[in-house]
Every structure is written in C-alpha cells, then in structure tokens.
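Every number in this text was worked out from the coordinates using simple rules, so none of it is lab data. Quick caveat, the model's predicted, so the values are computed rather than measured. Here Cβ is always computed from backbone atoms with ideal geometry, including for glycine, and neighbour counts include all displayed protein chains.
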Amino acid sequence: MSVRKFLLAVSSVILIFISSAASRSSHQPKSSYDIIIAGGGTGGISAAIQAARMGASVLVVEPSTWIGGQATAAGVSTMDDMSRQMSGIYEEFINRIKSYYDSRGKSMGTCYWYTGSLAFEPRIGQEAFISMINEARRRGSLEFLMNSEIVSVNMTKRAVSGVTARTPSGNRSYGCKVLIDATEYGDILPLTKTPYRAGNSISKFINPDAMIQDITWTAVIKKYPGGVPGYLKPESPLPGYDLARRNYESFLSADGYNFRNTYPVQTPVNFATYTAYRGIPDSSNPYGYDASAENRQYITKTGLNWGNDYPGTYGWINGRRGLPVSYLEDRNLRLQVEREALIKTLHLIYYIQNELGEPWSVPDDEYTNRILPEAARTLPREWQEIARRMPVIPYVRESRRIIGSHTLTSEELLRNSLSYRDGHTSREFSDAIAIGGYILDLHGANTDADTEYELDETMKSQEINRPRGPFQVPMNILIPNETDGLIAAEKNLSMSRFSAGTLRLQPITMMTGQAAGALAAVCVRDGKQPRQVHPMRVQWELLNSGVSLSLCKYSDVPPEHSINRTVQISNMYGLIAPNEYPHAPSFNLREWDNPVLEMAIIKGADKGVFGVNDIITGNDAVEILTRAQKAVNIKAAGKIAVNKAGNFISRSDFVKAVCDAFPALKTIKPPKNSRLPFRLGKNRNAEYAEILGRLGILSLYSIDSGEFHYGYPVTKGEACDIIVRACIAALGE
C-alpha cells in the first residue's frame, strides 16, 4: 500500500470512528455513566482510557471533530518534554507512534534542532489515541459525543449528579457519579459554581481585564517540490497583512541566520532554521530526516508555532502583552480572538509563499475538515480551502484554574525538583500522581502586574524558582475545595500562573489526565467523593498501569524489579530510609544535553542504594509499621510487640506485627477463589500468614516453593513490599 493510500485509509478510519462513536451515543444512549469527561483533549482522552481500563463506564463530550486536544486537534505535535522520564499512557502513546515511524525508517527527532526530541504528524497521533481507545473499550464502556458541549451541570447540594449536553441532534441529559473537567478553557467550573482563578483574579470577583497568556492558532505546512497547488495558494492577502508582514520580517527572512546552538536565538532566522524548530516527520516523503544540522535542509513538514502567538508582540490594548481574562469568560470575545489568531497564522502562510518564495502550504494528508471551524466561516472562499486543512482548535495555554485545598506554587515545584540533587534528600510530594519537567514559561501576561502576589510570586520567580530537574504533581491540586463529584484534568488544576505555565504541556497534561481518570474510577469503585480517597489508592492504580511516581531511583531496584512499585510508595511516604540516596547534580531544564548531568548519570550518581537484601530487626519493623500507620491515617490499636526486638525479625513475628498494626486486615473478606502462594505448615502465627496470604499481601513469596519458612529473617525489600500492600488493603476496607 502506498503512503498516500495508507493516509487516506487512516483518514477514513478516523472519520468512521468519530461518526460511529457519536452515532452510538445518539441512537443508543445510556441515561447515565459512571464518569463523564468534558473535553477530549490530552487530559480528557488519557482520563477516559485509564478509567475505562479500570472498568468504569465513561462518556467523553468533545466540542470539536477531533480528539487529542493540544497534541493533535491544535497541531502542537512537537512534544515539550524536559523530564527525562516517560511512563504510563504518555509512554504508550509515544511508543505506538514510534513503531509507526520506525517501520518506515523515519525519525521522531525532528524538532527543536535536537535529534533527541519527539515529534509526529497530528493525524498519526490521533490514530494512536484511537487504537488505545478501542483497546480500552474491551475492558469498560467508553463512548463519545463529538461536536458536542456540556451546557449545564446538575447539582445535588454541592455534588455533581449529571449534565446536559448540546449535541448535533439537540440537548441531551446524562447522569454521572463523577464529572471531569478536561476542557481547554476550564468551562465546567462556572457551570458548577466552583471557585476558580483566572489570570490573577478569583471568582466571584473576576477582573475581566486581568491578563492571561497568548493563544496560537497553529498550522501544519509541507513542501510541494513541484509547486504549491493553486487551491492552496491564495492570490490575495487578508486584511491586516501589511502589519503582519512587518512582524514576520523581524524574525524570519530569506537571508536570516542559522541556528548555532546558542540561546537566545539570533533573529531573523532563515527558513531552514524556522522549519527545523517545529519540524515533524513527513509520511508522504519517501526519505527520512532528523533535526541534525546536516539534515535540516531536507525537512518537508513542519508546524507553524513560532512568531504567530496572538496577540503577540503588539499586545492587546495599550501594548499589554497577553489576552484579557474576558477571553475565557465572554464567548463572543473568544470567537473574535480566535478568528484573529487564525488570520494571523494565515498571514504567515501568505508571507512564506509570497515574500520568501517557498513552495510550502497546508497538506492534504493532515486536516481535511468537512466542517469549517467557526472562526473561519467568514473568510473569503479562497482562504477557506486553507482553513479546512488547519487544526480544528487553537492552542490555548491558560485556562480557569480550580481553587483546591492547596494551590501549587513555583517555589514548591523548585523545592520538589531538588529532591536527591545537590546534597538534598527527599522533598517528594507524598500524594504525587505524575512526574513532569518544564521551565516556568509564560507567553505574554508576564509583568509583575499580572502575577499573584498573594502566592508570593513576581516576575523574579520565573528565574529564581525554575525547576532544577523533574518534578512531581500532587493529587490534591486535582480536587476543588468545595464542589464534590468534580475533578480537574487539564490546564485547570489548583496552581499559580507560573505553575500553570509549567504544567500546561502535552506530556504533563496526559499524565495528570491519567491520574484524574484513576481517581474518578476509584471514587466510583469505593463509593467515595474525590476528597475522601486516600492518594495511595490512586497511586497504586497508577503504578500498576506503568506510571512512574517517585523521583528516587535505586541501582538495586530497577524498573523491572518485583518490588519497584512498593519502593516508590515507600519513597513518597518516607516509610523506609535507603542505604544511600542518589546525589545527582541539578541542571538547567533549558539544556537538552547537560554534560555535567550526563557524566553523573554515567557514574551512577542519579541512583542510590535501597538495600533490598539487608536484614531488618524487630525495632526496625516497629518503626516502619508506625510510619505506615501514620501514612494511611490509622491510629495505633495497642502496642506493636515483637520478640527480641534488637535481633532480626522472623517472618513469623513479622506477619503478626503487620496484622497488629492493621487490625482491619483481619476482618477483610478475601477475594473469591483466593489461593495461598505457599503451604502454611504449623506455626504459632500461621493464622496471620493465612490472613495476609489470602489478601495478596504476601505475593512476593509466590516465587518460594514449599512452606512459608517462618524462621527466615525478613529483608528490607520484603518488609517494604508487605507493609505497602498492607496499607493499600487496609485503605480499601
């Protein structure tokens, strides 16, 4: 099959998927779902996949005709990932795309002038999401309402109980137990009367003139070696082009500078440098390329997401950079702004074709929108052909943000990112549900007047508090302080503007979305509100789904180790001190390659030593169990007694101590058909071994043959695995 035929087939599959999903929801509707997700962007789709995999029934309501949000529907398919880590649904997503390009001899390292980058064509990204969705449907119910939007939320007291959605066939109502706001703007928050921040103001006293970041209506363009087809090369510019041309001349010219691996970038740049910044693979090109200096001239497909921020350099009113909060609050202004943002990028396409003389235009193998975006419907007909091949939504960098029990600040991100670096030990968030990595990045609205003084942030914070490595995202910023049954999953978390500038990127929103889906599914399973769920319950689901949560790595507990997951929880809650902490240096996230850090990694300084096989004493066991009780908020029910506390503790005494520390374990009904991984034999504490064994808490010993070996000493690794599993079992009661 030719590449072109393949892409046409992919296009057909996507259209069939979208229409059939909407059709099923329209003609065979359920009246209620466990979880409804507003928005099918990076956070919403990740939440939907995770929740469906956990057996929940899920409905996704997406306003556009595409899924994938900023990564696909908005065309920002060059991944902004500085974490040096990849896990969970994000890793699955990238691996599927990588398999596609690997099979065609193509590199994903095509952007940011860096061969270690990750980029893909938006349509291939959407196909990866679709394949993951279809697989998730085998484990749970997952439906879609496309080209639809939630217009009201039903509340019972302060708890969400259902929604009304505007669909192509009219308004429809659906019940739900949990509602996830994964919209690009945080549009569910005012519908639920949930307190929120917008810019540096707070509801109910939102200042419509407070400023937020620029948006960008991006585009994907490709090279046409034989010349741009006439229908993709408009003859006349749009109104306002003369001003736009002067803006583009300031950073992009035919005889501009090459990128020389130094920052800030010297402008104006030449066209090859420009296309290499957001270069993406080209499935229609039989040749492969990457972002290396010698290959940049061969790039034939790129994203337009540099120099076309709106309003950008010229500002909004009186030169103020950014957009007013009224862009979020006023739908009429939102449409006006997005139309102007779209036109600004159309100006850039005209500039590239006519001022630079480059044979580039929008491709026929990416966006082929039958329905024009509302922002494009008043364009001249010749420009509508371009607009039909543009991303279906703009790239929105800042939305409304919930007010939770805690608001994450940039200083906290800095402190957390210094865990195990430059001599620091653990500064981990005990309720971490994701790991990300990015700079404190604001596009506009970046003056002291735009920051949040009550959160101790000014523009100096941008440099002072920049993260020095990967950082964690805590679960408490996904949960609003007042509204029950509602979870945030996108750029609407409880955080400061600077933190939002860091957590808004595609990899991080996919991770927080996955966590939101796990939290929602646990709420449904346990019959609890989000604020009532202990983070460890959600963390365990995420760890079992391949998500990495701890910033601490050990040479003797590699990712494939049987106790890696429980050791990560031990790290976050400080249950067991390792023999040696990692002591990697901090680094500048702006640097893709940091030689000092690379050398430290080679020397193993990024990993500590846990001491898996070290034998613990009775005193050690009591201390660890006491910490575990505190971690899960279980009050001590009498003294934890062990024999000869100064000597090593045997398995026999240890299982009794665990049951004493967590009395609820004795009352939990084991799963049906539960089997012991060993023969009990005779021992004074055999009943405790049976209790823990049938609950799966002693699964580590399934590799043992024969009896339980009551007299064997307990190692640090064994203690960690057993105690963490005991915590999780006790929390599930």
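Whole number please: convex hull volume per residue, Cα atoms of region 428-539, in Å³.
Per residue, the Cα convex hull of region 428-539 comes to 105 Å³.
Per-residue HN-Hα couplings for region 126-132, Karplus 6.51 cos²θ - 1.76 cosθ + 1.60 at θ = phi - 60°, whole Hz, x for Gly and Pro?
For region 126-132, the Karplus-derived couplings read 5, 4, 5, 4, 4, 5, 5 Hz, x marking Gly and Pro.
Taking θ = phi - 60°, what integer Hz values does the Karplus form 6.51 cos²θ - 1.76 cosθ + 1.60 yield along region 156-168, in sequence order, with x for Gly and Pro?
My calculation for region 156-168 gives 10, 6, 10, 10, 5, 10, x, 9, 10, 10, 8, 10, x Hz in order.
Can you pull the Kirkwood radius for region 553-733, inverse mean 1/r over Cα pairs, to one decimal in Å?
17.5
Can you compute 3J(HN,Hα) from phi for each residue in region 323-334, using the Karplus curve 6.51 cos²θ - 1.76 cosθ + 1.60 with θ = phi - 60°, rounded to whole Hz and x for Gly and Pro?
Computed from phi, the couplings for region 323-334 are 10, x, 4, 4, 4, 7, 8, 10, 4, 5, 5, 4 Hz.
Need one number: % antiparallel among DSSP beta bridges in the chain, to the nearest 5.
Roughly 60 percent of the beta bridges in the chain run antiparallel, per DSSP.
Could you give the length gained by full extension between ASN588 and ILE601, i.e. 0.36 nm per residue of separation minus their alpha carbon distance, to one decimal place?
3.2 nm
Roughly what would the spin-label model give for LYS666 and ASP422, points 7 Å off Cα along C-beta, in nm?
Between LYS666 and ASP422, the simple spin-label model gives 5.1 nm.
Could you name the lysines in cross-link range of LYS656, using Cα to Cα under 28 Å and dropping any fewer than eight places away on the same chain?
Partners found: LYS630, LYS635, LYS639, LYS644, LYS666, LYS669, LYS672, LYS682, LYS716.
In deg cm²/dmol, rounded to 500, what helix-only [θ] at 222 nm does the chain give when every DSSP H run of at least 4 residues adds -39500 (n - 2.57) and the total is split over its residues?
Taken over the chain, the calculation gives -10000 deg cm²/dmol.
Would you mind checking which residues have amide H under 5 Å from GLY608's amide H? H placed 1.01 Å from N; only 5 or more apart, or other chain.
LYS553, TYR554, SER555
Report the extension gain between TYR298 and ASN207 in nm, rounded to one decimal, defined as 0.36 nm multiplied by the number of residues separating them, less their alpha carbon distance.
27.9 nm
By how many nm would the segment from ILE615 to LYS630 grow when fully extended, if each residue of separation counts as 0.36 nm and the alpha-carbon distance is taken off?
Net length gain for the segment: 3.1 nm.
Given H placed on each backbone N at 1.01 Å, which residues far from ILE202 in sequence or on other chains put an amide H within less than 5 Å of it?
For ILE202, the qualifying residues are ASN207.
For LYS344, which lysines qualify as cross-link partners when the Cα separation must be under 21 Å and same-chain residues fewer than eight apart are set aside?
LYS222, LYS223, LYS233, LYS301
List the residues, sorted by chain then number, that are 5 or more residues from VAL151 or on another chain and whose placed amide H is less than 5 Å from its amide H.
Placed amide hydrogens put THR164, ALA165, ARG166 under 5 Å from VAL151.
Please report the projected area of region 215-396's Cα convex hull averaged over all directions, in nm².
With the hull built on Cα positions only, its mean projection is 11.0 nm².
Taking the Cα centre of each part, how many Å lie between region 180-199 and region 673-733?
46
For LYS204, go through the aspartates and glutamates and keep the ones whose alpha-carbon is under 18 Å away, minus same-chain ones fewer than eight residues off.
Filter leaves ASP187, GLU329, ASP330, GLU452, GLU454, GLU482.
For region 271-308 and region 466-496, what is the separation of their Cα centres, given in Å?
After rounding, the separation between the Cα centres reads 35 Å.
Give the Kirkwood hydrodynamic radius (Å, one decimal) of region 386-456, defined as one over the mean of 1/r across all pairs of different Cα atoms.
When all Cα pairs of region 386-456 are included, the Kirkwood radius is 15.8 Å.
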